[in-house]
Amino acid sequence: MEQKRTKDQLKAHIREKNQQIILTAAEKVFAQHGLTKATTKMIADEAGLPKANIHYYYRSKQDLLEAVLKHIMGLWLSSITRFSIEDGPKVSLTRYIAEKMQQSRENTDASKIFALSLISEEPFLLTFLQEHFIKEMEREKQIIQTWINEGKMQVLSIEHLFISIWALTQTYADFDAQVKLMLQKTELDEKDHAMSKQFITHMVLSSCGITEA
């Protein structure tokens, strides 16, 4: 019995390890080649595994894309700190912007895949967002409305506030080539990231009528 349990645990470990290797390779290939041009052969080559191994775990490229998207959304939802009424709008929004920009910076490929999937209106992603993300955002919207009611923020469209924050924070990952051209650099350094975070934070807080002093 103990020997069978050990074998099952080993199989589960190997499966988990191979799936992580495949997902990491898939993120890179999807981000570099796009959702349409990427193939399971490219992903297999990037992972250093036979193509048959890819299909053993994922029946099709679509199944693999959905697994990648599920992993990305799980990562983002678990890494962003929820708003706190007690912390107030300045602290909460500043932290939210910093965490969003950090996530996009550390997971550039994931951010690009997310953007590409939205552009192509991938049904899996739209359903996932509707079932999980939108419900989560309702709580955050209610907290912001409380701050508005208390006079801690000026009256504004909460939906468009979030849309603007997403656009501002994800641009540096999704369109990094354009950012580099604008700044006339081949790579962005720590100073660039610090300046962009400071600028975006200032824009958002100012538009909300929140003083930074």
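Subtracting the Cα-Cα distance from 0.36 nm times the residue separation, let me have the gained length for His13 to Glu187 in nm, one decimal. Spell out each step's value before the answer.
Working: separation 174, 0.36 × 174 = 62.64 nm, distance 3.74 nm.
Additional length available on full extension: 58.9 nm.
The Cα-based radius of gyration of region 159-199, divided by its Kirkwood radius, gives an Rg/Rh of 1.02. Which residue, Glu121, Glu190, Glu99, has the most motion in a Gaussian network model of the chain that connects Cα atoms within less than 10 Å? Of Glu121, Glu190, Glu99, the most mobile in the Gaussian network model is Glu190. For region 92-213, the C-alpha radius of gyration divided by 2.2 N^0.38 Å, with N the number of residues, is 1.15. Per-residue Cβ neighbour counts within 10 Å put Ile14, Ile165 in the sequence Ile14, Ile165, beginning with the fewest.
Ordering Ser111, Gln130, Ile144 by Cα displacement along the dipole of region 65-165 toward the positive end leaves Ile144 in first place; charges were set at the Cβ atoms of Lys, Arg (+1) and Asp, Glu (-1). Dipole magnitude for the chain: about 680 debye, using +1 per Lys or Arg Cβ and -1 per Asp or Glu Cβ, origin at the Cα centre.
Applying a 10 Å radius around every beta-carbon, put 174-184, 25-35 in order of their mean neighbour count, most first. Provide the component values of the computation, followed by the final result.
Working: 174-184: 12.8, 25-35: 19.5.
Descending mean neighbour count gives 25-35, 174-184.
Computed over the chain, the per-residue total of -39500 (n - 2.57) for DSSP H runs of n ≥ 4 gives a 222 nm mean residue ellipticity of -25500 deg cm²/dmol, rounded to 500.
Couplings 3J(HN,Hα) for region 38-45, derived from phi with the Karplus relation 6.51 cos²θ - 1.76 cosθ + 1.60 (θ = phi - 60°), are 5, 10, 5, 5, 4, 5, 4, 4 Hz, where x marks Gly and Pro.
Relative to the longest principal axis of the chain, what angle (0 to 90°, nearest 10) does the C-alpha long axis of helix 61-79 take? Once rounded, the angle reads 40 degrees. Rounded to whole numbers, the Karplus 3J(HN,Hα) couplings from phi for region 112-124 are 5, 5, 4, 5, 4, 5, 5, 4, 8, 6, 4, x, 4 Hz, using 6.51 cos²θ - 1.76 cosθ + 1.60 with θ = phi - 60°, and x at Gly and Pro.
Each reported figure results from applying straightforward, stated rules to the coordinates on display, with no laboratory input. These numbers were taken from a predicted model, which means no experiment stands behind them. Every residue, glycine among them, receives a Cβ derived from its backbone with ideal geometry; neighbour counts consider all protein chains shown.
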